[in-house]
Amino acid sequence: MKPRSDQRLSDHVALGVLTRTFGPQLVDAVLADTGRLQQRVRLLPARLMVYFVLALALFADVDYAEVMRQLVEGLSWRSGWKRSWTVPSTAAISVARARLGAAPLVELFDRGCVPVAGEQSAAAFWRGLRLVGMDGTTLDVPDTVENVAEFGRPGSGRGEGVGAFPQLRMVALAECGTHACFAAAIGSYRTGETTLAAELAGKLAPDMLVFADRNFLGHPLLSTFIAGGGQVCWRAKKNKVLPVLERYPDGSYRSEIVASGDKRARAHVITVRVIEYTVTDPGRPEAEERYRLVTTLLDHAAYPAEELAGLYAERWEFESLLDEMKTHQRGPRVVLRSKSPEMARQEVYGYLACHYAIRALIASAADDAGLDPDRVSFTGALRAARRSVRAGIGVAERAITSACHTATAETTGQLLTRRLRAAARVVKRKMSGYPVKRPAHRSWPQPTLTPGQAVQILVPP
């Protein structure tokens with residue numbers, strides 16, 4: 001028989017094993033602090049909608065109604081509800097999403113997504129410093145007037161000179177060892193990566209060593225990161241002027257970076273250490289003749305140049321993170337669902353939070369088994385997370401713990417082997433021969449006759 005208590009099904013909806021990271025207490029606290037707690041009982045309460053947005057990122061290839069079914073199926077008898085719960089219409093779900101807004105997802109990401117690697121985690125630390133990667137990317141959003149006005153379009157060498165879809169830009173910080181993204185800044189395509197990166201300085205800690213490519217190195221951003229308390233190791237462009245002020249025994253040298261408008265006064269000079277190296281591997285034919293790294297780690301004895309140069313390759317772990325989120329979790333070349341800027345931001349933070357929860361699960365499983373997180377398959381953990389939602393495990397701590405044990409055993413059952421590999425920067429098919437689809441094609445003429453009615457036999461004269 002059904003339990004006698006009159007509870008709502010939506011009170012028990014959770015996100016499977018991902019509820020381990022974003023529990024109901026955290027979600028309710030975020031909703032309260034952002035002023036999104038509902039004043040009356042609704043069919044789609046705020047907590048349910050937070051989990052729904054996260055589920056949109058977990059089930060990126062299905063529609064609203066199907067995502068909602070994934071959340072509620074399997075919970076009916078466990079939750080104690082007396083009345084049947086019908087999946088609301090797509091319009092009702094859209095209204096509830098808009099009522100929730102982006103602020104709760106931003107706050108949930110800020111509070112729930114923190115560095116997860118412990119000192120025992122493999123490949124996560126070097127000489128007491130947490131290895132962190134920083135990079136940027138773009139995401140396609142639906143081609144609406146609002147999104148174009150807010151985010152803008154990229155340029156293109158074809159047609160009208162603009163891209164097919166508007167794009168938002170994102171810059172983020174993530175652990176190299178676990179791929180856990182713990183800070184992000186989102187803006188329009190017109191906003192540069194260095195501008196967005198400056199917003200991340202407040203997320204740094206003194207034990208962090210941040211790797212980044214040559215596009216980030218500049219006096220304004222470097223001084224902002226130094227003020228944030230972290231250490232950096234960034235690549236320099238070929239034309240960057242870095243004078244040799246003192247040569248160290250390990251081959252590196254002391255140099256300085258001066259702001260563009262401070263060449264004469266020299267009031268804000270940043271002292272740095274420069275490491276120059278080359279790559280001699282014959283299996284890397286595209287390697288450049290000379291690489292230069294600029295770091296704030298000035299002690300050459302405590303932080304040897306050769307080790308730092310070898311560690312710089314850890315920056316590419318961020319590219320693996322983007323592949324996980326943009327290709328495997330979301331799907332290749334998939335445009336986001338949201339047709340307004342506010343909902344687009346909500347959706348992106350939902351993707352980031354969902355990816356973080358999966359990566360936190362992988363990190364925990366790897367630590368328990370004494371493994372490098374790189375050996376645990378992200379796609380395997382993604383599938384396990386999806387199945388845990390369909391199983392309807394509820395929000396009880398015992399149920400979540402049991403589901404986590406099952407998912408952990410599954411994700412560590414078949415391990416990956418990371419091998420040395422490289423690929424040429426080429427594409428197989430450059431472009432299509434068809435014209436580019438533009439907004440003018442939305443109002444394309446539609447047929448008014450069936451094919452049978454439209455046929456007209458030509459009779460010769």
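The values are calculated or read from the model by the stated rules, or taken from the named source; none is laboratory data. This one's a predicted model, so the numbers in the text were calculated from it and none came from an experiment. Neighbour counts run over all protein chains shown; Cβ positions are idealised from the backbone, glycine included. All accessible areas refer to the heavy atoms of the entire protein, side chains included, with ligands and DNA or RNA removed. Shrake-Rupley method; radii C 1.70, N 1.55, O 1.52, S 1.80 Å.
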Members of segment 124-147 that are surrounded by fewer than 18 Cβ atoms within 10 Å (Cβ to Cβ) and hydrophobic (A, V, I, L, M, F, W, C): W126, V145
Scan of segment 171-194 for residues that are within 26 Å of S364 (Cβ to Cβ) and in contact with a strand residue (DSSP E or B) (Cβ under 8 Å, 6 or more places away or on another chain), ordered by number: A172, L173, A174, E175, C176, G177, A180, C181, F182, A183, A184
Single unsatisfied condition, G80 versus (1) over 23 Å from L336 (Cα atoms); (2) at pLDDT 85 or above: (2)
Test for Y248: is it under 30 Å from R419 (Cβ atoms) and in contact with a helix residue (DSSP H, G or I) (Cβ under 8 Å, 6 or more places away or on another chain): no
Hits in segment 180-197 (condition: of a type in the set (D, E, K, R) and assigned to a loop (DSSP other than H, G, I, E, B)): R190
Residue check for R390: surrounded by fewer than 20 Cβ atoms within 10 Å (Cβ to Cβ) and modelled with pLDDT of 85 or more: no
Those residues of segment 425-461 which are at pLDDT 70 or above, farther than 30 Å from P142 by Cα and small (G, A, S), in sequence order: G452
Filter pass, R359 being part of a helix (DSSP H, G or I), among the basic types (K, R), at pLDDT 70 or above and over 17 Å from H179 (Cβ atoms): no
Close pairs from segment 197-215: first in contact (Cβ under 8 Å) with a residue 12 or more places away in the chain, partner among the basic types (K, R), Cβ under 6 Å, at least 6 apart: D207/R130; M208/R130; F211/R315; D213/R235; R214/R235; R214/K237
Residue in segment 283-296 that is part of a loop (DSSP other than H, G, I, E, B) and over 30 Å from A424 (Cβ atoms) present: yes
Single residue of segment 181-209 satisfying the filter (over 17 Å from the mean Cα position of the chain (by Cα) and of a type in the set (A, V, I, L, M)) that is surrounded by the fewest Cβ atoms within 10 Å (Cβ to Cβ): A205
Residue check for Y253: under 33 Å from the mean Cα position of the chain (by Cα) and not β-branched (V, I, T): no
Only one of E73, E107 that is open to solvent by 30 Å² or more (accessible area, probe 1.4 Å), modelled with pLDDT of 95 or more and of a type outside the set (S, T, Y): E107
Selection from segment 27-46 of residues that are under 15 Å from P88 (Cβ atoms) and either open to solvent by 50 Å² or more (accessible area, probe 1.4 Å) or modelled with pLDDT under 75 (or both): Q38, V41, R42, L43
Residue match in segment 165-172 (condition: assigned to a strand (DSSP E or B), among the charged types (D, E, K, R) and open to solvent by 20 Å² or more (accessible area, probe 1.4 Å)): yes
Output for segment 244-285, where each listed residue is touching a strand residue (DSSP E or B) at 6+ places or on another chain (Cβ under 6 Å) and of a type outside the set (A, V, I, L, M, F, W, C): E246, R247, S252, Y253, R254, S255, E256, T271, R273, E276, Y277
A117 being buried (at least 18 other Cβ atoms within 10 Å of the Cβ), within 23 Å of the chain's Cα centre (by Cα) and at pLDDT 90 or above: yes
Hits in segment 1-26 (condition: at pLDDT below 60, surrounded by fewer than 24 Cβ atoms within 10 Å (Cβ to Cβ) and either in a loop (DSSP other than H, G, I, E, B) or at positive phi (or both)): M1, K2, P3, R4, S5, D6, Q7, R8, H12
Residue list for segment 213-223, restricted to those being part of a helix (DSSP H, G or I) and surrounded by 18 or more Cβ atoms within 10 Å (Cβ to Cβ): F216, L221, L222
Criterion violated by E276 - all others in (1) among the acidic types (D, E); (2) open to solvent by 70 Å² or more (accessible area, probe 1.4 Å); (3) not in a strand (DSSP E or B) satisfied: (3)
Where a residue in segment 318-341 is touching a residue at least 60 places away in the same chain (Cβ under 8 Å) and in a helix (DSSP H, G or I) and its partner, wherever it lies, is open to solvent by less than 40 Å² (accessible area, probe 1.4 Å) and acidic (D, E), with Cβ under 8 Å and at least six apart: F318/D135; E319/D135; L322/D135
Subset of segment 305-331 (residues that are farther than 24 Å from R375 by Cβ and either surrounded by fewer than 19 Cβ atoms within 10 Å (Cβ to Cβ) or in contact with a helix residue (DSSP H, G or I) (Cβ under 8 Å, 6 or more places away or on another chain) (or both)): E306, G331
